[in-house]
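Worksheet: the structure to be examined is printed underneath.
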Amino acid sequence: MTTLLSPSPVASINPVGGWKIDAQRGQLIGAVSRQWQTRPDDQKFLSLADLDAFLRDRSSRSRESTFEPSQIRIQASRHDPDRLALHLPSDEVALPTHWGFGRLAQLAGAPAGYLRQLPATLAAVNLQWGLADKNDRIQVQTLTDAEGRFTELRAATGPEYGRIPDFRLVSAIRRIAGDGTGDTRWKVPGRIDWGSSTYNPFVDITKETTTLYASDQDVFVFLVDDLNPIEIGKLPDGSPDVYFRGFYAYNSEVGAKTLGIATFFLRLCPAGHRRSYVRCRTMSRCHFKTRRSRHESGHSPAAYSAFRNASSVSSGL
């Protein structure tokens, strides 16, 4: 793990609302750049409050069940050859999400990519055979989401999987970052003006510039302290060379990834531009693998502790 540099004296805020940036310096952070480049608008949120409300609402509709794989009944729709219905022992009929189908196929020992190319009737036969062939001692944990007329199967994991709900990650972040819109020192980052190579922290948070994301598979939050830059030297034109404290955090309550956080000293984050990428001075990453017994109480101490430690390391709070 890389150790973060000791902060140098803090530079004063530029009176014109920005700092000169050398876009060629620093280490690229592809994990953040991909979020800007790949997230559709319906996965973008303009504040941590909006993101938190969305995740809490989804969690309130979710139900977790554990049973033997052979108890799942797969049925193809007569009217829709591309749709499969899963009859669960909990008397729910669920339609798998893209991720849920992949996990179910993995459980059955069948390649999900191949099954997706088959008519639903053939895919159902293969899945049913694979699930029925499993040892009865194997248990599967499902996470379903009841919304409207349909119930979605969002996850199929082992019974020991330590699920941390996505909203608990955001709740932990809000304890140090507020709404993420500037009410604390942690906020959605600004953007660079490529014409003048100036980083401006004072920009409106829009679908184009936000760094708060959630999908049916995960949640991803990227925040910076870009109103309190750290001066580390001089640029070729004599301007202060600065960077900003930052972190990103992520989680998946359906098993797509573990809970994790990365802290770093940011140089550049040109959100909403076709050349979107992030450069940093140095980075530290942490991942947390959990077991179910650690989270049966419904709390996630690992998440909150991680953010308290991250804030003390990268901001001095």
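Annotation: of all residues in the stretch 119-164 being of a type in the set (G, A, S), in a helix (DSSP H, G or I) and in contact with a Leu (Cβ under 8 Å, 6 or more places away or on another chain), the one that is modelled with the lowest pLDDT is A120. Scan the stretch 184-224 for residues that are assigned to a loop (DSSP other than H, G, I, E, B) and either within 23 Å of W19 (Cβ to Cβ) or touching a residue at least 60 places away in the same chain (Cβ under 8 Å) (or both) and the total you get is 24.
Summed over the stretch 207-219, the residues that are surrounded by fewer than 24 Cβ atoms within 10 Å (Cβ to Cβ) and within 19 Å of F244 (Cβ to Cβ) give a count of 1.
When the stretch 36-50 is filtered for residues that are touching a Gly at 6+ places or on another chain (Cβ under 8 Å) and part of a helix (DSSP H, G or I), the ones remaining, listed by number, are W36, L48. Among the residues of the stretch 135-156, the one identified as surrounded by fewer than 20 Cβ atoms within 10 Å (Cβ to Cβ) and among the β-branched types (V, I, T) is I138. Exactly one residue out of S70, S33, S60 is assigned to a helix (DSSP H, G or I) and at pLDDT 90 or above: that is S60. A single entry from S239, S284, S276 fulfils the requirement of being touching a Lys or Arg at 6+ places or on another chain (Cβ under 6 Å), at pLDDT below 85 and surrounded by fewer than 24 Cβ atoms within 10 Å (Cβ to Cβ): S239.
Scanning the stretch 180-206 for residues that are among the small types (G, A, S) and surrounded by 19 or more Cβ atoms within 10 Å (Cβ to Cβ) yields a count of 2. The single condition from (1) of a type outside the set (A, V, I, L, M, F, W, C); (2) under 18 Å from the mean Cα position of the chain (by Cα); (3) at negative phi that T144 fails is (2).
The values are calculated or read from the model by the stated rules, or taken from the named source; none is laboratory data. Because the structure is a prediction, the values reported are computed rather than measured. With ideal geometry, Cβ positions are generated from the backbone for all residues, glycine too; neighbour counts draw on all protein chains shown.
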